[in-house]
Amino acid sequence: SQAQFFQRKVEHLQSADLLLAISQASRNDAIDRLGLTGGQVVNIGAAVDRGFCAEDGNSALTRAILARMGINRAFVLFVPGGFDSRKNFDRLFEAWSRLPESIRAAHQLVITGSLDSGRISTLRGLAGQFGVLQGELLLTGYVSDKELLAFYRSAALFVFPSLIEGFGLPVLEAISCGAPTIASNTSSLPEVVGNTEALFDPTDVAAISETMARGLTDADYRERLLAAGR
């Protein structure tokens, strides 16, 4: 079972002489939850591949990729890196539904990641419960690195509402590609973002919605997000 698998994993970690953590938050978790001493766990951080860099998001290749994927207007991007409950889809959809009508009409919510038909219908059903319209939500399915770069480089806003992350690599990828980025104020994400102004409480739907709206409409705020990202 999942619980037994997890327990074996924990025992394996506890038997190691040294653990390398991918964030300070993960290091703290290991010390607090596994009963380890500070000297047994070292934070080595994480990083993105050099290819994740900012470029003009308006190149012909990028435009062709977006058109092929069905993106026909400015978009908010979420690259969840998984589809479990900690990714916080329900609150993201509810936050989207609370955006002013003018913002919703001008944007799509784009979520990448490999999904089977069952998961697609579950996510679409969840979105529908919160009033997210069919045409507002684009589930891309699996994307190549080239396609992912096109998304990061041309997103109007990158949002990452996850409840808990060991590091949160998509956030650093988005920032590295020059996307205005907002994220949760929990676990490792404040370390990765490094800008308190870009953070929101992921359990507070109103806060997610307001921060998204600000990121899409407030030019000064967007510029500060980008400057902090650089």
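The values are calculated or read from the model by the stated rules, or taken from the named source; none is laboratory data. Worth saying up front: this structure is predicted, and the values here are computed from it rather than measured. Using ideal geometry, Cβ is built from the backbone for each residue, glycine included, and neighbour counts are taken over all protein chains shown. Ligands, DNA and RNA are excluded from the accessible area calculation, which covers all protein heavy atoms including side chains. Shrake-Rupley method; radii C 1.70, N 1.55, O 1.52, S 1.80 Å.
The figures follow:
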read-out: Cβ pairs under 6 Å, 6+ apart, first in segment 51-72 and within 16 Å of residue 138 (Cβ to Cβ), second among the acidic types (Asp, Glu) and surrounded by 13 or more Cβ atoms within 10 Å (Cβ to Cβ); value: 65/147
read-out: Residue identified as within 23 Å of residue 183 (Cα to Cα), out of contact with any Leu (no Cβ under 9 Å at 6 or more places or on another chain), open to solvent by less than 40 Å² (accessible area, probe 1.4 Å) and of a type outside the set (Asp, Glu) among 148, 138; value: 148
read-out: Filter result (among the small types (Gly, Ala, Ser), touching a strand residue (DSSP E or B) at 6+ places or on another chain (Cβ under 7 Å) and in a helix (DSSP H, G or I)) within segment 90-124; value: 106
read-out: Of all residues making up segment 192-221, the number that are surrounded by 19 or more Cβ atoms within 10 Å (Cβ to Cβ), part of a helix (DSSP H, G or I) and not hydrophobic (A, V, I, L, M, F, W, C); value: 3
read-out: Residue match in segment 80-88 (condition: over 20 Å from residue 181 (Cβ atoms), hydrophobic (A, V, I, L, M, F, W, C) and either modelled with pLDDT of 95 or more or not in a loop (DSSP other than H, G, I, E, B) (or both)); value: no
read-out: Of the criteria (1) assigned to a helix (DSSP H, G or I); (2) closer than 21 Å to residue 95 by Cβ; (3) in contact (Cβ under 8 Å) with a residue 24 or more places away in the chain, which one residue 165 fails; value: (1)
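Residue by residue, here is whether (1) touching a strand residue (DSSP E or B) at 6+ places or on another chain (Cβ under 7 Å); (2) within 18 Å of residue 151 (Cβ to Cβ); (3) surrounded by 10 or more Cβ atoms within 10 Å (Cβ to Cβ) holds:
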{"site": "4", "(1), (2), (3)": "no, no, no"}
{"site": "16", "(1), (2), (3)": "no, no, yes"}
{"site": "20", "(1), (2), (3)": "yes, no, yes"}
{"site": "33", "(1), (2), (3)": "no, no, yes"}
{"site": "37", "(1), (2), (3)": "no, no, no"}
{"site": "43", "(1), (2), (3)": "yes, no, yes"}
{"site": "53", "(1), (2), (3)": "no, yes, yes"}
